[in-house]
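The values are calculated or read from the model by the stated rules, or taken from the named source; none is laboratory data. What you are looking at is a predicted structure, and each value in this text was computed from that prediction instead of being measured. We place every Cβ from the backbone using ideal geometry, glycine too, and count neighbours over all the protein chains shown.
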Amino acid sequence: MSIRKATLNDLNSLTSLFDSYRVFYQQESNFEGARSFLKERLINEDSLVFIAYDENIPVGFVQLYPTFSSVGMKRSWVLNDLFVNSSARKKGIGEKLIKKAIGFAGETGAKGLLLETGQDNVTAQRLYEKIGFKKESNYFYYFSL
């Protein structure tokens, strides 16, 4: 199993994974839309994606977006997307992808790595806490259009 930074050369493999990720979250499959979205992210360097291969088969990815802490005067990273194909789950690939993201955040001198997950996603919560993430209890998060 190998994990590497995704490039445009990985676009087809990454698009297939990303489309499956969106379907997992009850979105309609849209391969061309997913491809366009990812291509724009990669070209504009809006995000960073690590892709996992198991015996040269793409099996998962993690996508990070940069943000900044004004108070801390440092960059932080948002772990926005994490996905492992159902056929490759229970092999530690998700954990390895997260650890790769944590390592990258450290290498870039980031203040930290932030992620969010649904209250009902207990499996993911257990993994995040196992790795060392702490559930935030000091802040409320608001969202508006």
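In table form, for the structure just shown:
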| item | result |
| --- | --- |
| So Pro58, is it out of contact with any helix residue (DSSP H, G or I) (no Cβ under 6 Å at 6 or more places or on another chain) and part of a strand (DSSP E or B) | no |
| Pick from the stretch 98-145, criterion among the aliphatic types (A, V, I, L, M) and in a helix (DSSP H, G or I), ranking: surrounded by the fewest Cβ atoms within 10 Å (Cβ to Cβ) | Val122 |
| Residue within the stretch 37-47 that is buried (at least 18 other Cβ atoms within 10 Å of the Cβ), in contact with a Lys or Arg (Cβ under 6 Å, 6 or more places away or on another chain) and not in a helix (DSSP H, G or I) present | yes |
| Pairs, first touching a residue at least 12 places away in the same chain (Cβ under 8 Å) and loosely packed, with under 15 Cβ neighbours inside 10 Å in the stretch 5-21, second in a helix (DSSP H, G or I) and not hydroxyl-bearing (Ser, Thr, Tyr), C-beta under 6 Å, six or more apart | Leu8/Leu42 |
| Criterion (modelled with pLDDT under 95 and not hydrophobic (A, V, I, L, M, F, W, C)) met by exactly one of Gly103, Gly72 | Gly72 |
| Matching residues, the stretch 4-18, being of a type in the set (Lys, Arg) and farther than 14 Å from Val59 by Cβ | Lys5 |
| Of all residues making up the stretch 79-94, the number that are outside any loop (DSSP other than H, G, I, E, B) and over 11 Å from the mean Cα position of the chain (by Cα) | 4 |
| Qualifying residue in the stretch 61-82 (condition: acidic (Asp, Glu), within 27 Å of Gly109 (Cβ to Cβ) and surrounded by 12 or more Cβ atoms within 10 Å (Cβ to Cβ)) | yes |
| Lone qualifier among Ile57, Ile3, Ile43, Ile93 - being touching an Asp or Glu at 6+ places or on another chain (Cβ under 8 Å) and β-branched (Val, Ile, Thr) | Ile93 |
| Tyr65 vs. criteria modelled with pLDDT of 95 or more, out of contact with any Phe, Trp or Tyr (no Cβ under 9 Å at 6 or more places or on another chain), of a type outside the set (Lys, Arg) and part of a strand (DSSP E or B) | no |
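Residue-by-condition table, conditions (1) among the β-branched types (Val, Ile, Thr); (2) under 24 Å from Asn44 (Cα atoms); (3) touching a residue at least 40 places away in the same chain (Cβ under 8 Å):
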{"residue": "Thr67", "(1), (2), (3)": "yes, yes, yes"}
{"residue": "Asp81", "(1), (2), (3)": "no, yes, yes"}
{"residue": "Val84", "(1), (2), (3)": "yes, no, no"}
{"residue": "Ala88", "(1), (2), (3)": "no, no, no"}
{"residue": "Lys100", "(1), (2), (3)": "no, yes, yes"}
{"residue": "Lys111", "(1), (2), (3)": "no, yes, yes"}
